[in-house]
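Enquirer: I have a structure I would like to understand better, so I am pasting it below and will then ask my questions one at a time.
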Amino acid sequence: MIISNSKSKAKDSKQAKLPAKESFSEWYHELLMTAEIVDNRYPVKGMCVWFPFGFAIKKNVYAVIRELLDPDHQETQFPLLIPENEFMKEAQHIKGFEEEVYWVTSGGTSPLEVKLALRPTSETAIYPMFKLWIRSHADLPLRIYQIVNTFRYETKHTRPLIRLREITSFKEAHTVHATWEEAAEQVEVAISRYSEFYRRLALPFLVSRRPSWDKFPGADYTTAIDVIMPDGKTLQVGTAHHLGSTFAKTYEITYEAENGEQKLVSQTCYGISERCIAALISVHGDEKGLVLPWGVAPTQVVIVPILLGDKEKVLAVCRELQSKLSAAGVAVQLDTSDERPGAKFYKWEMKGVPIRLEVGPRDIEKGVVTLARRDGAKKAVPMEGLVEAIRKEADELQTALFERAKQLHESKVKEVASIEQAKAQTQVGVALVPWCGEVDCGHHLEEQVEANMLGEPQYQNFPEAKCAVCDKLSKGRTYMARQY
Ligand code: 5CA
Ligand code: ZN
């Protein structure tokens, strides 16, 4: 057991109390340490250490991403270092990342002839290779992804999992297509895979098209997924970019079409980072700690023996349950440590374990166990058919978590008509603002509302309304929020 901070010395006997979730920032930082997700004390700003327990959650979460991408993407790995000449080829891209790049300038005591960039993202590492790999239409579409660390010298306030200088778990997918339209379809596919991913985490989200001034450097357009955090600020937890042929031109990525013509490819890229874990723990967690959906919990069921009366008998029954569940593929732990049951409850609640089974002499007499779900539901369940009962509870927990999160999400999004209303609403959540789509009106909105434009909601239609700035009638809307 890792001692994560000075307070945890006392946590054996008492409930490790987190700050109220209303003080979200304090709650978040305490939770990361007390539940042993990441340790922010590493002596380089913006770089965190995964505790083994946090890493176990991350492994499960990224297994879901892999499961969703693997049917039609190939996982791969490119080098971390990018030669300056390759990095400096694409002007728009340089402009976007110039201030964020770490450079390697020497090998030992010898200055390098060509400086090497630590990838802030890997377009400029991957696309020179795509030029070599792609010859003809038969090589398309090409879809690859890698899960790697990337480095960004962020100048805004850094935060564990949210704004890092070393992003440890950057999942970046890069696809290549024969036409612009096919690439546009791929962006939709990316968004639907990400949507499924966040549904698996029981997280509601917004999908919007970023305004032109906030798109990815070098992209034709950017579609983004945002989660509303408990304090009403939004966290961008995934983006899909249509790159058009911008990089294809720069890196000369062409293919021979069926008629023998050489054509430029169209490309997309889409990414997710450990921000998904920040969203997961922030939305579902409570003052007792983490609340994890069944599918990503390192421990899905914990068995706590209530050692009264015939202790050996109780333990024997617990062990039998443990092996039964384990054989059914459930990640189960039997807690035989010598803490009191109450202390064990607190400990496993902090770890977000979805289901706790309490087994005591009286339960055994009745042929039941006491099942407590992390969202509070508690009941006696017959030992006969326990595996099925647990699966049903796991499904119900998933639904309950999603419903609770959805209610909160919906309560934080409000349609407004004016700049004043937008300003008030973005203090507590997300404002849906009528916007004619003009760039000038957009900039005016951001300045006057003092919040960011997330952009146009996707897959929704709205009736005509007056633009909050110029009064022009249009069906256009934009989400506005204070962003992490
Ligand atoms: N090459 C593209 C697609 S892979 C790209 O780099 N897109 S990005 O810049 O939008 O990054 C992808 C996602 O990574 C973002 O949507 C955001 O969720 C996450 N991200 C970006 N910067 C950071 C950071 N400093 N710390 C943690 N996550 C980050
Ligand atoms: Zn307008």
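Derivation of every value follows stated rules applied to the coordinates shown; laboratory data play no part. Note that this is a predicted model, so its numbers are computed, not measured. Backbone-built Cβ (ideal geometry, glycine too); neighbour counts: all protein chains shown.
Enquirer: Going by a ≥ b ≥ c, the root eigenvalues of the Cα gyration tensor, does the stretch 24-284 fall in the rounded group (a/c under 1.5), the prolate group (a/b larger than b/c) or the oblate group?
Expert: oblate
Enquirer: Using only alpha-carbon positions, what ratio does the radius of gyration of the chain give when scaled by 2.2 N^0.38 Å?
Expert: The value comes to 1.10.
Enquirer: Could you tell me the center-to-center distance, by alpha carbons, between the stretch 124-145 and the stretch 276-334 in angstrom?
Expert: So the separation of the two Cα centres works out to 45 Å.
Enquirer: Quick one: check the C-alpha center-to-center distance for the stretch 441-484 versus the stretch 41-88, whole angstrom.
Expert: Result: 34 Å between the Cα centres.
Enquirer: From largest to smallest, what semi-axes in whole angstrom does the stretch 299-395 give when each is the square root of 5 times an eigenvalue of its alpha carbon gyration tensor?
Expert: Output for the stretch 299-395: semi-axes of 18, 16, 13 Å.
Enquirer: Same structure, new question: Go through the stretch 159-167 residue by residue and turn each phi into a ³J(HN,Hα) via Karplus (6.51, -1.76, 1.60, θ = phi - 60°); whole Hz please, and just put x for glycine and proline.
Expert: 9, x, 6, 9, 10, 10, 8, 10, 7
Enquirer: A 25 angstrom limit on the alpha carbon distance is what I want to check against. Which of 392/414; 17/351; 324/366; 17/366 exceed it?
Expert: 392/414; 17/366
Enquirer: In debye, nearest 20: dipole of the stretch 129-235 around its Cα centre with unit charges on the Cβ of K, R (+) and D, E (-)?
Expert: Magnitude of the dipole: close to 420 debye.
Enquirer: Output the relative contact order of the stretch 413-481, whole-number percent, from Cα pairs under 8 angstrom with separation of 6+ residues.
Expert: The normalised contact order for the stretch 413-481 reaches 39 percent.
Enquirer: Something else: Which far-off residues, 5 or more places away or on another chain, put their amide H under 5 Å from the one on residue 234, with H placed in the peptide plane?
Expert: 229, 482, 483, 484
Enquirer: Using amide H atoms built in the peptide plane, which far-off residues or other-chain residues are under 5 Å from residue 413 H to H?
Expert: Placed amide hydrogens put 430 under 5 Å from residue 413.
Enquirer: Rounded, prolate or oblate: which one fits the stretch 171-231, using the alpha carbon gyration tensor with axes a ≥ b ≥ c (rounded when a/c is under 1.5, else prolate when a/b beats b/c, else oblate)?
Expert: Since a/c reaches 1.5 but b/c is at least a/b, the shape of the stretch 171-231 is classed as oblate.
Enquirer: Relative contact order for the chain: what is it in percent, counting Cα pairs under 8 Å that are at least 6 residues apart?
Expert: 14
Enquirer: Now for a separate question. Rounded to two decimal places and with Rh computed the Kirkwood way over Cα pairs, what is Rg over Rh for the stretch 109-263?
Expert: Looking at the stretch 109-263, the ratio lands at 1.01.
Enquirer: A further question on this structure: Dipole size in debye (nearest 20) for the chain around its Cα centre, Lys and Arg Cβ +1, Asp and Glu Cβ -1?
Expert: With Lys and Arg at +1 and Asp and Glu at -1, about 1700 debye.
Enquirer: Turning to a different aspect of this structure: More than 20 Å apart: what percent of Cα pairs in the stretch 413-481 qualify?
Expert: 14
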